[in-house]
Amino acid sequence: MNEPLFRGAATAVVTPFCENRIDMAAFDRILELQLSAKIDAVVVCGTSGEASTLTVEEKMALWQHAANYLGGRAKLVAGIGTNDTRTSVALARLAKESGADGLLAVTPYYNKCSQEGLARHYETIAEATDLPLITYNVPSRTGVDLKPETCARLMHHGRINGVKEASGSITRMAKLRSLCGASFAVWSGNDDQIVAMMALGASGVISVLSNIRPRAVKAMTDACLCGDFHAASKLQIDYLPLIEALFSDVNPIPVKAAMAALGICREEVRLPLCPISEEVRTRLHAALLTCPELS
């Protein structure tokens, strides 16, 4: 059985921009906020990091900077997923050189490959480095669904560590456990399902909420890992208004607006993303007040 790359809370951090360039000073603030909350892992260049708009050079700069800043105090997971296997392989190797502890690869979007194609895609990436690879299933974005039966095949590869499951189905979590047991780690990809999925055996969450409320998300996953699902459920319910507000527009548009309101980074996103409406902004600011960070 492979040990999960991490247990608990990982933050899919945003990429801060200033006039369309990466704002490294803001990136330091983001990383320090995560470390101060004792977050377990940080995902750099994932969906929340607007990876599809970043150049290879920008991704490498972010991975190298994060590796140096984190200094082993939290796991660094590099988002290397694309819809071209060769490109993902090349990025995996660059992430390894940059100091990443593990890899995260979303299912290949747009191509709409078969389950056999998905399996071969992930097996090929896994062979490129000795880093553990987390697969990422988010069919609402990619149009491709990584089936539990395919995960059952992938679990036998020594470097394929598990799946970030963001289909939104709790039944899917149960199916994964039924087919894979504890040999294939699962992380919730949805902030509104952290406790439910961990109750079924998930190792934790890869979170958007923890960009702004890392202590709360860390407390939620720690409570689950200790078996205190009463305390964890209370936190899940208490933070639901903020979670819903963060997904009232396409991620990471709302979370960047929230971070700007908190003085962490600018609201700036890259096209084709654009700023939130004033209606969503009002809802978001109200939720920030309703759901404060834990002390």
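The values are calculated or read from the model by the stated rules, or taken from the named source; none is laboratory data. Since this is a predicted model, take the numbers as computed values, not measurements. We place every Cβ from the backbone using ideal geometry, glycine too, and count neighbours over all the protein chains shown. Note: accessible area is taken over every heavy atom of the protein model, side chains too, but ligands, DNA and RNA are not part of it. Shrake-Rupley method; radii C 1.70, N 1.55, O 1.52, S 1.80 Å.
Can you name every residue in segment 97-120 that is closer than 16 Å to T142 by Cβ, open to solvent by 10 Å² or more (accessible area, probe 1.4 Å) and free of Cβ contacts under 8 Å to residues at least 40 places away in the same chain?
Across segment 97-120, the qualifying residues are Y109, Y110, N111, K112, C113, S114, Q115, G117.
Any idea which of L262, L242, L225 is of a type outside the set (K, R) and crowded, with 23+ Cβ neighbours inside 10 Å?
L242
Check A216, A245, A223, A232 and return the single one that is closer than 17 Å to F6 by Cα, in contact (Cβ under 8 Å) with a residue 12 or more places away in the chain and not charged (D, E, K, R).
On inspection, the qualifying residue turns out to be A223.
The conditions are (1) in a loop (DSSP other than H, G, I, E, B); (2) of a type outside the set (D, E); (3) open to solvent by 10 Å² or more (accessible area, probe 1.4 Å), and T15 fails exactly one of them. Which is it?
(3)
Could you list, in sequence order, all residues of segment 161-179 that are without any contact (Cβ under 8 Å) to a residue 40 or more places away in the chain, touching a strand residue (DSSP E or B) at 6+ places or on another chain (Cβ under 8 Å) and either closer than 14 Å to N137 by Cβ or of a type in the set (G, A, S) (or both)?
Listed by number, the residues that qualify are V163, E165, A166, S167, R172, M173, L176.
Please go through (1) charged (D, E, K, R); (2) within 13 Å of D191 (Cβ to Cβ); (3) touching a residue at least 60 places away in the same chain (Cβ under 8 Å) for R266 and return the number of the only condition it doesn't satisfy.
The number of the failed condition is (2).
Residues being within 20 Å of L54 (Cβ to Cβ), hydrophobic (A, V, I, L, M, F, W, C) and touching a helix residue (DSSP H, G or I) at 6+ places or on another chain (Cβ under 7 Å): count how many of those fall in segment 258-295.
5
Can you tell me how many residues in segment 274-294 are in a loop (DSSP other than H, G, I, E, B) and without any contact (Cβ under 8 Å) to a residue 40 or more places away in the chain?
So the answer is 5.
Out of (1) in contact (Cβ under 8 Å) with a residue 40 or more places away in the chain; (2) outside any helix (DSSP H, G or I); (3) surrounded by fewer than 17 Cβ atoms within 10 Å (Cβ to Cβ), the odd one out for R141 is which?
(2) is the only condition that R141 fails.
Any residue in segment 63-75 that's closer than 14 Å to A25 by Cα: show its pairings with residues that are open to solvent by less than 70 Å² (accessible area, probe 1.4 Å) at Cβ separation under 7 Å, as long as the two are six or more apart or on different chains.
Qualifying pairs under 7 Å: H65/M24; H65/F27; A66/L31; A66/V42; A66/V44; A66/L76; Y69/D28; Y69/L31.
Can you give me the number of residues within segment 65-96 that are in a loop (DSSP other than H, G, I, E, B), open to solvent by 40 Å² or more (accessible area, probe 1.4 Å) and polar (S, T, N, Q)?
1
I'd like the full set of residues that are farther than 15 Å from G102 by Cβ and out of contact with any Gly (no Cβ under 7 Å at 6 or more places or on another chain), limited to segment 40-58.
T47, S48, E50, S52, T53, L54, T55, V56, E57, E58
Being buried (at least 16 other Cβ atoms within 10 Å of the Cβ), among the β-branched types (V, I, T) and in a helix (DSSP H, G or I) narrows it down to one of V217, V205, so name that one.
Answer to the selection: V217.
Against the condition among the aliphatic types (A, V, I, L, M), assigned to a loop (DSSP other than H, G, I, E, B) and open to solvent by 80 Å² or more (accessible area, probe 1.4 Å), how does L271 come out, does it pass?
yes
Of (1) modelled with pLDDT under 95; (2) under 27 Å from A260 (Cβ atoms), S183 satisfies all except one. Which?
Going through (1) modelled with pLDDT under 95; (2) under 27 Å from A260 (Cβ atoms) one by one, S183 breaks only (2).
Identify, from the list E57, E32, the residue that is under 30 Å from Y110 (Cβ atoms), open to solvent by 10 Å² or more (accessible area, probe 1.4 Å) and not in a loop (DSSP other than H, G, I, E, B).
Answer to the check: E57.
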